[in-house]
Every structure is written in structure tokens, then in C-alpha cells.
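Written below as C-alpha cells is the structure these notes are about.
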Amino acid sequence: MKVIEAIRERRSVRKFKKKEIRPEAIKVILDAGRWAPSAGNRQPLKFLVLSNEEEKEPLAKMYVEAYRREAEDLLNREDAEKYYKNPYEVKKRILGMLDLLERQLRDPPFVILICGDTRLSRSYIFEAGLAAQNMMLAAWELNLGSCCIEIATTLLSEYFDKEKLKRVYNIPEEVDVVAIVPIGRIEEKPPNPGRELLKDYTYTGYWIGD
Ligand SMILES: Cc1cc2nc3c(=O)[nH]c(=O)nc-3n(C[C@H](O)[C@H](O)[C@H](O)COP(=O)(O)O)c2cc1C
């Protein structure tokens, strides 16, 4: 598969089959993350791989809890409309899909936590994003699904109990968990949500608009 094709065709998969995948596949995916660039090649990332029920369950529960807390708090937030057009609808939708959210992290055979060592780089969140994209493209090429759930800067991150997450998985204090990337066989490929036109993404020479 051509890189450009994987970039265009990849979708964020949220429904996975409860089926094993070849262990070599996960190695290829992790290696794609390893080869992501980092500032000064400081390589501040570590990948924590969860692969059985016992390992995945606490994370899945914390993920659902974070979404539940976000939904419950949404209408109290003055800035809710900065994040969602219709916070009331979003609250309803999230509370109606807590079971699905839990399965998003329980069904796939592998869940990768992309972690950044804050002592090694100021830009570890950026570097984690690059690694996540490499992993998702590698997974797509192998006919596997993935999704990037970022818990360092998103609204969801405000409701994620990171202290508990670190305690449960023995993650050192100076290490931040940036993203959760489930990997598995695709149960349902989501429709293409599209992007703005390239002409609306791009200015040439000088900034136009706003
Ligand atoms: C920073 C970031 C945070 C995201 N958070 C979530 C998330 O919490 N849950 C989820 O299912 N998808 C999450 N996604 C995936 C996006 O929803 C998805 O990339 C977007 O809707 C476009 O769809 P596509 O990846 O299929 O093109 C996130 C993506 C990014 C880049």
C-alpha cells in the first residue's frame, strides 16, 4: 500500500472484533512508532502494551468513567460550546454509549499507551502524535483498525484520573500518558467524515481571511 493511500483511506476504528492478531503485526506497528521523529532525536516516548483482559479492563473502566464525568459536567461548563455545537445532544449521546466506549478498549487484542518522559523533551506531546499516526498508518496497511484517543490536552483529559492510571500501571511520576491507541481487527469501518477543501486549508504567500 502506498503511504499516500494509507493516509487518505485510514479511518478511526471504534468497533473491533474480539479476535487475536499475529504478534508480529503488533511488533511492526510499535516499530513504526519507534521510527517517528523527535526533537534532537531525544526519543522521549515509551509504549506500554496491554494485551489481556486483566491488563485492559482497568483502563477501559477509567476511560468510560472519564467520558461519564465529562458528560455529567458538560452543561455546567461555560465553555462547552467551544468544544461541541450542541452540548445537550453530546451529553445524551455519550451517556447512551458508555457500554460501546468500554468495548472500544476491551474488544481489541492490543491497546497501546503512548507515554512521554517529561524529563527528556518539552515536545513529547507532539512526538507522541507523530508516533500515533505512524502506528495507525502501519496498522491500516496490515488491514487492522486503530484509533487515537488523546488524554493529555483534550477536554476528556480534564476528566481522566491520570494519578490512578499511573498507579495501576506503575507509570513513574515524571512520565505522562499522552494517548491510548487500540489495535485490532475491524468490526465496522466508519464512514469517511471528510475534510475541509485543500483551498480552505491553505494560504499562499500571506494569510487571507479572519
Ligand atoms: C487529539 C485527538 C483526540 C481524539 N480523541 C478521540 C476520542 O476520545 N475518542 C475517539 O473515539 N476518537 C478520538 N479521536 C479520533 C477522531 O475522532 C478522528 O480522527 C476524527 O473524527 C476524524 O476521523 P478519521 O480519523 O476516521 O478520519 C481523536 C483524534 C485526535 C487527533
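In Å³ and rounded to a whole number, note down the convex hull volume per residue for the Cα atoms of region 95-151. Please report the intermediate quantities before stating the final value.
Values: hull volume 5.8 nm³, N = 57.
About 102 Å³ per residue, rounded to a whole number.
Each part gets one Cα centre, and for region 140-163 versus region 69-101 those centres are 17 Å apart.
Normalised by the number of residues in region 3-201, what is the relative contact order in percent for Cα pairs under 8 Å and 6+ residues apart? The partial results should precede the final answer.
Working: 322 pairs, mean separation 73.9, N = 199.
Computed value for region 3-201: 37 percent relative contact order.
Here the Karplus curve 6.51 cos²θ - 1.76 cosθ + 1.60, taken at θ = phi - 60°, turns the phi angles of region 72-80 into couplings of 4, 8, 3, 6, 7, 8, 5, 9, 4 Hz, with x standing for Gly and Pro. Which values of log₁₀ I(q)/I(0), to two decimal places, follow from the Debye formula for the chain at q = 0.09, 0.12, 0.16, 0.17 Å⁻¹ with a uniform point scatterer at every Cα? Log-scaled intensity ratios, in q order: -0.38, -0.69, -1.20, -1.32. Highest average first, the peptides 46-52, 105-111 ordered by how many other beta carbon atoms sit within 10 Å of their residues are 105-111, 46-52.
Quick one: which of 141-147, 6-12 comes out on top by average Cβ neighbours within 10 Å, and what's the full order, highest first?
Numbers: 141-147: 20.9, 6-12: 13.9.
The peptides rank, most packed first, as 141-147, 6-12.
Calculated on the Cα set of region 1-94, radius of gyration then Dmax: 18.4, 47 Å.
Over every Cα atom in region 129-210, the radius of gyration and the widest Cα-Cα span, Dmax, amount to 17.5, 50 Å. Counting only residues at least eight positions apart within a chain, or on another chain, the lysines with an alpha carbon under 30 Å from that of residue 85 are 15, 61, 162, 189, 199.
At a 10 Å Cβ-Cβ cut-off, how would you order 163, 150, fewest neighbours first? Write down the numbers at each step before the final one.
On the way: 163 9, 150 17.
Least crowded to most crowded, the residues run 163, 150.
With springs connecting C-alpha atoms under 10 Å apart, model the chain as a Gaussian network and identify which of 56, 19, 82 has the largest mean-square fluctuation. Checking each option, the largest mean-square fluctuation is seen for 82.
Quick note: the coordinates plus some simple rules give every number you see, no bench work behind them. Source: prediction; values computed, not measured. For neighbour counting, all protein chains shown are included, and Cβ atoms are generated from backbone atoms with ideal geometry for every residue, glycine included.
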